[in-house]
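These notes are about the structure you will find just below.
The values are calculated or read from the model by the stated rules, or taken from the named source; none is laboratory data. Only a predicted model underlies this, so the values are computations on that prediction, with no experimental measurement involved. FYI the Cβ positions are ideal-geometry reconstructions off the backbone, even for glycines, and counts take in every protein chain you see.
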Amino acid sequence: MASTQALRGPGSASRPRAPQSGPIARRLELLSELVRRDVRARYHGSVLGIGWTLINPLVFMMVYAVVFGDIIGIKGPSGKSYAVFILSGLLAWTFFSQALVMAASSIIANSGVVRKVAFPWMLLTVSSVIAALVNFLISLVLLVPFMILAKAPVGLPLLAIPPLVVVTFGLCLGLGLMLAAGSVYFRDLQYLINLATMIWFYLTPVIWPFTRYEGFFRHGTIGLLAHIVVYANPMTWIVLSFQDVFVFNRWPQHWHGLIYCTVLAVALIWLGIRVFRRLRRRFAEEI
C-alpha cells in the first residue's frame, strides 16, 4: 500500500478517485480490445493488410463469373448485372462462413490465455464473430463501383441491410458458440467446418438465381429432398434478401424465410450459450 501511495505522489490522498467501471463496462472494454486484436492478427505481417478483405471476394467473384457465367452459361436475373448479383450474395456468405471458421478455433487458438487467465472465455468467440462482421462491412465497399458501372438503382430498401446483418450475426454467433465449445473436445470439428461450409455454399443461391433451384425441385424424390434442404437453409433467405436489396432495389420479398431466420437465430444463441457454459468447465484441462 505504501509503495502505491508513493507512486501517486504527494497530495494524491486528497484527490478524488476516478469512479470504478462496472462489470459490464469492463467486459465491453475487454471485448473491444479482443476485436481489435483479432482484426489486426488476421493480416499481421501482410503487405496488403486489410486489403485482402476486398481482394478475396473480388477474385472469387471473377472466377465464378468466368466459370459459371462464360463457360457453363449461367446468367443472373434478366437485365441485371451478374457481378452485382454474385457479389451481393457472396459477401453475405463469406461473412457467415468466415465467422463460423474463426469462431470454431477461437478457444483453441487462445489456449495459453484460457489456461492462465480467468475471464469470460465466451468473449473470445464473440470477438471472433464481430471481427468477421468488421471484415464484412469493409468488403461491402466492393459493391459500390460495380453498382455504379451497372447503373443499379439505390433507394430506401437499403434500410433493410442493418436488420439483415443483425440476423446473420445472430446465426453466426449461435452456431459459433457451439462450434467453439465442441472444437475443444473434438479437434477434427475445425476441419469438418471447412468441408461443411464448402458443401453448404452450393446449397445456397449465391451463384445462380433461385429460379434454377425451383426448376430442379420438380425432379422426383431428389428434387423433393433438395427442396427441403434449400428451404431449411437459413442462408437461402439471407442471400436472397441481400440480392433483393442490391440487385433489384426492392424490400426483401421472402418475409416467411426472414421470420424463420430470426427465430432460428434467437434459438441458436440461447442454445449456444447453454452448450458453451456446460462445456467450458473442462476447457483448461482439455486444451
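Annotations for the structure displayed:
- Summed over the range 246-267, the residues that are surrounded by fewer than 21 Cβ atoms within 10 Å (Cβ to Cβ) and part of a helix (DSSP H, G or I) give a count of 11.
- Residue that is nearest to the chain's Cα centre (by Cα) [pool: residues in the range 106-147 that are of a type in the set (Ser, Thr, Tyr) and surrounded by 19 or more Cβ atoms within 10 Å (Cβ to Cβ)]: SER128
- So PHE283, is it in contact with a helix residue (DSSP H, G or I) (Cβ under 9 Å, 6 or more places away or on another chain) and not in a helix (DSSP H, G or I): no
- Leading residue by the ranking (modelled with the lowest pLDDT) among those in the range 66-116 that are in a helix (DSSP H, G or I) and of a type in the set (D, E, K, R): ASP70
- Subset tally (residues that are over 23 Å from THR236 (Cα atoms) and without any contact (Cβ under 8 Å) to a residue 24 or more places away in the chain) for the range 177-217: 3
- Residues of the range 171-206 classified as β-branched (Val, Ile, Thr) and part of a helix (DSSP H, G or I), total: 4
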